[in-house]
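Data first, discussion second: the structure below is written as structure tokens.
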Amino acid sequence: MSTATAENTEATWVKVCEKNSIAPDTGVCALVNGHQVAIFYSRQLDELFAVGNYDPLGKAYVLSRGLIGSQGERFCVASPLYKQHFDLRTGECLEEEGVSIPTYELKLEGDWISVRA
């Protein structure tokens, strides 16, 4: 599971979708407390990831439509706009120093995915 960057220790969990509603190696977008969150399932790693859906370089909410894969040791999503890669564990942009996206903590309860809000 992805690690949190949440600062609020009293944050709540928001149930967003069932795991089987995400096709392997693709993403979906969920609205979590007013924020668009891109949720990905990697079949290769058998792991779920949640990051902000907003591409800060393309200035659009599109990351859930990006392709996931690896760049060296880092597992990332490529933006569908300008193809920059964002690390799915840290949110860091691999091509643009100082640019990043938020990451969110996930948990799986039965078949349901919840995101820490």
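In debye, nearest 20, what is the charge dipole magnitude of the chain about its Cα centre with +1 on Lys and Arg Cβ and -1 on Asp and Glu Cβ, if you could check?
Its charge dipole is roughly 320 debye.
For the residues T26, T12, T103, a GNM of the chain with alpha-carbon springs under 10 Å puts the largest fluctuation on T12. Using 0.36 nm per residue and subtracting the Cα-Cα separation, the extra length available between N20 and L81 on full extension is 19.3 nm. Extension gain for T12-K107 works out to 33.0 nm (0.36 nm per residue, less the C-alpha to C-alpha distance). If you build the convex hull over the alpha carbons only and average its shadow over all orientations, what do you get for region 13-116? Give it in nm² to one decimal. Spelled out: convex hull of the Cα atoms, projected over all directions, averaged, 6.0 nm².
Lys/Arg Cβ at +1, Asp/Glu Cβ at -1, dipole of the chain taken about the Cα centre: which of A23, G69, Q84 is farthest positive-ward? Checking the options against the dipole of the chain, the answer is A23. Roughly speaking, what is the centre-to-centre gap between region 57-82 and region 97-113 when only Cα atoms are used, to the nearest Å? Cα centres, region 57-82 to region 97-113: 14 Å.
Read-outs throughout are calculated quantities, based only on the coordinates presented, and are distinct from any laboratory measurement. From a predicted model like this one, the values you see are computed outputs, not experimental measurements. Ideal geometry is used to build each Cβ from the backbone, glycine not excepted, and the neighbour counts take in all protein chains shown.
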